[in-house]
1. Rounded to the nearest 500 deg cm²/dmol, what is the calculated helix-only ellipticity per residue at 222 nm for the chain, with -39500 (n - 2.57) per DSSP H run of length n ≥ 4?
2. Projected onto the charge dipole of the chain (+1 at Lys/Arg Cβ, -1 at Asp/Glu Cβ, origin at the Cα centre), which of VAL4, LEU42, SER98 gives the Cα projection farthest towards the positive end?
3. Among HIS2, HIS74, which comes first, then next, by fewest other beta-carbon atoms within 10 Å?
Amino acid sequence: MHDVLKRAGMAECKPLSTPIYSSKIVSTNTDLYDDATQYRSLAGALQYLTITRPDFSFDVNQLCQHMHASAITHREHLKRVLRYVKGTVNFGLRVRQSTLREIHAFSDSDWAGYPEDRKSTSGYAVFLDSNLLSWVCNKQRTAARSST
């Protein structure tokens, strides 16, 4: 995490307690960001960090959906996620020894929650006691134009 912050030039940035202030990244500014390679590199590095940090995987997924044409607004959101990483460097998945053999599963979906393409995002997480075993977050491939 420290290496990613150094590469972004944000090693001494002000930390934040929340990754993105809105639930979806909607680009209102269509001006493209000048350094698309840096945006892709940092978004990819954040994507790698989500292996042990699922707390901001939704936000990184939103950022990665704009790699082909990242606007200045997307760069601002990327910087906000990096500031969140700075403030939560000690967070991560912890695996603890457990005597319980209880499996818990949770799922959720936001029906047509992405305003640009009206696609749904859904996901699930499976726990063995307090240890995360598996988790998935998927965006719907196609959106129906009819309710029938």
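Taken together, the values in this text are just the output of simple stated rules run on the coordinates, not laboratory data. On a predicted model such as this, the values are computed, not experimentally measured, just so you know. Neighbour counts are summed over all protein chains in view; Cβ atoms, including those assigned to glycine, are modelled from backbone coordinates with ideal geometry.
1. -9000 deg cm²/dmol
2. Among VAL4, LEU42, SER98, the one farthest towards the positive end of the dipole of the chain is SER98.
3. Numbers: HIS2 10, HIS74 23.
Least to most surrounded, the residues fall as HIS2, HIS74.
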